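The values are calculated or read from the model by the stated rules, or taken from the named source; none is laboratory data. Everything quoted here is computed from the prediction, not taken from an experiment. Cβ: placed from backbone, ideal geometry, glycine included. Neighbour counts: every protein chain shown.
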Amino acid sequence: MIRALGSVDEKRLSMTFVAMLLALVLLFFVVESIQEEAVGHSSIKRMVFSKKNSSAVARKLLQSSGGGDANRIGTACTKDDIVILQGSTAPLPNGIPSYSVEIVNVCADLGCSISNIHVSCGWFSSVRLINPTVFRRLHYDDCLVNDGEALGPEQCLSFEYSNSFSYPLSVTSVTCC
C-alpha cells in the first residue's frame with residue numbers, strides 16, 4: 001500500500017507539482033507537434049533534449065501510423081514512463097542530510113499501470129526508517145518500489161530518507177500491466 005503523505009498541504013503541493021510537470025510535458029509536445037507540421041517530417045530525427053542535461057530523459061518522437069492514441073509516444077509503456085525526482089530537504093536534528101524522493105508514473109493512458117519497478121540504488125540505506133512496502137533494497141544496486149505492486153497512470157509515490165549523501169536512483173526494469 002502506498003504511504004500517505006503527512007498533511008493535506010503536502011498532498012496539495014505534491015499534486016500541484018505533478019500537475020505542473022504533466023502540463024509542461026504536454027505543452028512541450030504540442031509546440032513540437034506544431035513546429036513539426038510547419039517544418040516537415042524531417043525534424044522527427046532531431047534530439048528532443050540536450051545531451052548536456054543529464055537529468056532529462058531523451059526520447060525519440062514516433063510518428064503515429066493510424067488509429068492509435070496521438071498523445072502516446074510509441075505503443076507500450078516502458079521504464080521511461082517512470083520518473084524519479086529527488087531533492088534535499090531539511091536535515092535531521094543531529095545534522096544528517098535528508099532527501100525527498102518522488103516516483104511518478106507519467107503515462108497518462110488509462111491502461112498504463114506499471115508494476116515490479118526496480119531501481120538502481122547502490123548500497124541504499126537510511127538513518128530514517130522507510131516503510132519497506134514503499135521502497136526497499138533487495139540486493140546491491142536493486143531496490144523495489146511499492147512492494148512490486150502497480151503504480152497507476154499519473155500516480156505518485158513518495159518517501160524521505162536520511163544519509164550523509166544522496167543516492168543516484170534510476171529505473172532499471174518494469175512490468176507493464
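Being within 17 Å of the chain's Cα centre (by Cα), assigned to a strand (DSSP E or B) and not β-branched (Val, Ile, Thr) is the filter; apply it to region 139-149 and report the residue that is surrounded by the fewest Cβ atoms within 10 Å (Cβ to Cβ). Filtering first and then ranking leaves 142. For region 84-107, the count of residues that are buried (at least 16 other Cβ atoms within 10 Å of the Cβ) and on the phi > 0 side of the Ramachandran plot is zero. Within region 127-141, residues that are closer than 13 Å to residue 157 by Cβ have Cβ atoms under 9 Å from residues that are in a loop (DSSP other than H, G, I, E, B) and among the aliphatic types (A, V, I, L, M) in these pairs: 131/1; 133/1; 133/2; 134/1; 134/2; 136/130, counting only partners at least 6 apart in sequence or on another chain. So, residue 66, is that one at positive phi, part of a loop (DSSP other than H, G, I, E, B) and either among the hydroxyl-bearing types (Ser, Thr, Tyr) or modelled with pLDDT under 80 (or both) or not? So residue 66 passes the test. Consider region 150-168 and keep the residues that are outside any strand (DSSP E or B) and under 25 Å from residue 95 (Cβ atoms). The one that is nearest to the chain's Cα centre (by Cα) is 168.
The condition (being farther than 21 Å from residue 90 by Cβ, of a type outside the set (Phe, Trp, Tyr) and at pLDDT 95 or above) is satisfied by just one residue among 109, 147: 147. Residues in region 126-138 that are of a type outside the set (Gly, Ala, Ser), within 19 Å of residue 168 (Cβ to Cβ) and surrounded by fewer than 18 Cβ atoms within 10 Å (Cβ to Cβ): 127, 128, 136, 138. Of everything listed in (1) among the β-branched types (Val, Ile, Thr); (2) touching a helix residue (DSSP H, G or I) at 6+ places or on another chain (Cβ under 8 Å); (3) not in a strand (DSSP E or B), the single unmet condition for residue 130 is (2). Among the residues of region 121-177, those that are β-branched (Val, Ile, Thr) and over 23 Å from residue 98 (Cβ atoms) comprise 172, 174, 175.
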